[in-house]
1. Return a whole-number percent for the relative contact order of region 242-330, with Cα pairs under 8 Å and 6 or more residues apart as the contact set.
2. Can you flag which of Lys244/Lys287; Lys13/Lys193; Lys193/Lys244; Lys13/Lys246; Lys12/Lys244; Lys13/Lys56 are past 30 Å Cα-Cα?
3. Give me the percent of the accessible area of region 47-179 that comes from carbon and sulfur atoms, probe 1.4 Å, all protein chains in place.
4. For Gly57, list long-range residues whose amide hydrogen, built 1.01 Å from N in the peptide plane, is under 5 Å from its own amide hydrogen.
5. Tell me the accessible surface of Cys269 in square angstrom (1.4 angstrom probe, heavy atoms of protein chains only), to the nearest ten.
6. Taking the solvent-accessible surface of protein heavy atoms with a 1.4 Å probe, what is the per residue accessible area of region 403-475 in Å²?
7. If the cut-off is a Cα-Cα distance under 20 Å, which aspartates and glutamates reach Lys325, setting aside same-chain residues fewer than 8 apart in sequence?
8. Under 18 Å from the Cα of Lys219, which aspartates and glutamates turn up, not counting those fewer than eight places away in the same chain?
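The values are calculated or read from the model by the stated rules, or taken from the named source; none is laboratory data. Source: prediction; values computed, not measured. Virtual Cβ from ideal backbone geometry, glycine too; neighbours counted across all protein chains shown. Calculation scope for accessible area: heavy atoms of the full protein, side chains included, ligands and nucleic acids excluded. Shrake-Rupley method; radii C 1.70, N 1.55, O 1.52, S 1.80 Å.
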Amino acid sequence: GPFVAELVRHLKKRNVPVAGVDRMILTEQLAVEDMMALAQFLLLPEDDLTLASVLKGPLFGFSEEELFALAWQRAGTLWAALRERREESPTFRRAADELAALLARVDFAPPYELFAEVLSARGARRAMLGRLGPEASDPLDELLAAALAYERAHGVSLQGFLHWLAAGTAEVKRDLEQGARDEVRVLTVHGAKGLEAPIVFLPDTLQMPVQTPPILWDKSGLPLWLVAREAPPRAAQAALDAAKRKRDQEYRRLLYVAMTRAADRLYICGWQTKRAPPAGNWHALIKAGLASIGAASFDFAAETPPGIAAWPGEGLRLRHEQSGKPSRARPAARAAAPATLLPEWCWRAPPPEPAPPKPLAPSQPRAEEPPARSPLGDDRGAAFLRGRLVHRLLQSLPGIAAGDRAAAAQRFLALPVHGLDAAGQQQILRETLAVLEHPDFAPLFGPNAVAEVPVVGLIGGRALSGQIDRLVVEGSTVLIVDYKTMRPVPATLAAVPPLYFDQLAAYRAAIAAVFPDKEIRCALLWTDGPSLMEIPRDRLSGFRA
């Protein structure tokens, strides 16, 4: 209850390690209420009261004056006013930007992911601990655990999670059985069953249960519902007395559990309000028991340590003299905890990493290639189709015997899928065979030519990876041919884009490393035509990687 929360807060305020409480109603924790209010606003931005509570809370820390200035005499919703006036102050700007970013995320992020982002990356946990104290950390952790449990059982729905959390109001039971940890544990007597600690305090021993079950059962098993408990009917008196007796027996059994949890010392405390404590409370039972076995009385005020407020009143002390010989061995001194658990290198900026060489792909130049003629131009794509068919024929026909190439090309061009008339077929056939039978480049399509040759190498410190369209190794000469579909075809070398020269130069440098004693020649095959253009050596000497 409130006493337990106050106790935990004071312990943490004095830097006393405390494990928190073993039971809490999650929806009654202030930190959880702030997070639920934020989620409700994200689901309904028009809820002005919820937005006002979020702005006034720890997340954004609006003052009374700032909230009044934003809300007073506004024309629309509070959210609309915040967006319109975001430039008036840094507080308005930060709140508007953060809430807008979360509104953009709420429809896509699961509840756990959304709350975790708000608490960690967006600094909500730090803000809440600064406003509410360190005791707010445990409820926030339990909220994240509840969101994760809901997602596993019911799916990802923020609206469903808020309804499930508010409607359930279940008590969160936390496992505090780690007795080896050097910290204070605050538990109910039920939660302390089976546990033991060197020192145990019973802080509240003057309270006792006075309620009875709403429904009673008589000896015959008949349920009885008492409307007036002060003057019950005679038939229900016996059942009421039995219920009270069972309640008081359980109360005394819990006292035995509480007193037997201590291994060395047990402190029994209590405070009395204006109302007299009920008869038979724990404090009265323990005091009567101690007085009957001769416990010594003492004055609290006389034994109060320096620096602590005096605690007036008398007390009883029962001590048992130690019969065993004490051990002189001292426990090993605990090493001082480091200021941070992170290594030193975490706080230094990383050194600049060397940029790895980017692979050089000549077929994918970094510069922009010249535009090709549109296939939907004035010729209705005839030139585009002609270039594609020529390219396909130049790839396939060299593998066929010279005498059979014309017939094979004619069968291919006559396929209905191409939609060519007889004149168009003959034109493409003539141009393609003219290239294949070119006297200067006849070896390009002969038996010593290889198509689609992969090239991998290291050129000028750059890794090269490409594919040569056609490569011929014959005698003391190596011929490299690269197909190009540029339209219109350049009439002179000056009209050829410089990046095409760079591509051939890269291929030439790689092939020269493989064949250092051979002459490397390069040419461009323009498929729109078609035509061959040999590139002079001086145009390929300046390779720019």
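1. 20 percent
2. Long pairs (Cα-Cα over 30 Å): Lys13/Lys246; Lys12/Lys244.
3. Roughly 53 percent of what the probe reaches on region 47-179 is carbon or sulfur.
4. Excluding prolines and chain starts, which carry no amide H, the hits are Phe62.
5. 30 Å²
6. 53 Å²
7. Within reach: Asp264.
8. Partners found: Asp241.
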